[in-house]
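Here's the structure we're looking at; comments come further down.
Please treat every number below as a calculation from the coordinates, not as lab data. Predicted, not measured: the structure shown is a model, and the values here were computed from it. Heads up, the Cβs are rebuilt from the backbone with ideal geometry, glycines too, and the neighbour counts pull from every protein chain shown.
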Amino acid sequence: MEKFITLVGPNRAVEILGVRLMGVNAENGMKLLFTLAFITLVLLVVRVVKRYTIRALKGKDEHFVFWVRQGIALGTGLFLILGLVSIWFDDPTRLATGIGLVTAGLAFALQKVVTAVAGYFIILRGKTFNVGDRITMGGVRSDVIAVDFTQTTIMEMGQPPPVQHAEPAMWVQSRQYTGRIVTVSNARIFDEPVYNYTREFPYLWEEMSVPIKFNADHDRAERVLLEVAGHRTVSISSLGEEALQEMERRYFMKPADMKPKVYYRLTDNWLELTVRFIARDFGIRELKDQMSRDILKAMTEANISIASTSYEIVGLPPVRLERVPL
């Protein structure tokens, strides 16, 4: 072995078959071996810590578990950086030179990666969103299921009928999971708005429109809509008022009405009644399904027909019949 690999000179440079390798010596070789051992040991320890941490936090609040995981990831990254710097840069002058070269290289070659990492810290500190929040990011409506240094992982959901034409195309016509997992770069928060449905105010104002004929009892139809919406959202409204008051305390907001309300709109074919009500950020489809059943039953009992685009023949011109002799 000594015939093939030799150490020569005061720096003990490595020669292989008489060819001296530039920058490779015994000291660097030992540092490389120590680096590999250090990284392996740290990763093994972190893996054990994560496993026992997940078991200990089983059943805890998902936001608390998220922050614990992020703390472990950040601590591990910081510890690795400090350890590698201590191993390879024992001379402060070399450390400053190395940091300058690495910074310049990253700024030029890894601009998107650096921006994504910066977006990660903005997400954590700027309260843009958290794991479990329902957001629209990168043109995708979804629930956040994981956040790492460069990417946010989200569970995609469908689009309501009014926005079915939006990209990307959806086959689920409601805000329920499609089953696709989407990863979005954290850098997107610098380029486009992020819509958060749950962060500060975990409620949404929803609407349901019911068309009726012009000659129908619209007062009775309005009472039906108000009764159904009030019955189904009374507990939600009481909880939403507390959250809304907190929003008004923290931000410059005008007071909003939490009680259900019906609005009229005249069209060419019918009278459209739209009931506006408060709903939780999750379970909107189930709520509207229950309300639709109640409204349909109450309208039938009140003998109020729901209008449609079909035609109704209200009269015929006089018809004259003649018998033709055979």
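Label positions at Gln173 and Val46, each projected 7 Å from the Cα along the C-beta direction, are separated by 4.7 nm. If the chain linking Leu296 and Arg199 were pulled fully straight, counting 0.36 nm for each residue of separation and taking away their Cα-Cα distance, it would gain 31.5 nm. Rounded to the nearest 0.05, the FRET efficiency derived from the C-beta distance between Val324 and Asp219 at R0 = 51 Å is 0.40. Stretching the chain fully between Tyr263 and Leu32 yields a gain of 75.9 nm (0.36 nm per residue, less the alpha carbon separation). Between Ile39 and Glu207, the contour length at 0.36 nm per residue exceeds the alpha carbon distance by 54.9 nm.
Please check which bits of the range 124-159 a label hung off Lys58 would reach, taking the label as a point 7 Å along Cα-to-C-beta and the cut-off as backbone N under 11 Å. Taking a point 7 Å out along Cα→Cβ of Lys58, no residue of the range 124-159 has its backbone N under 11 Å.
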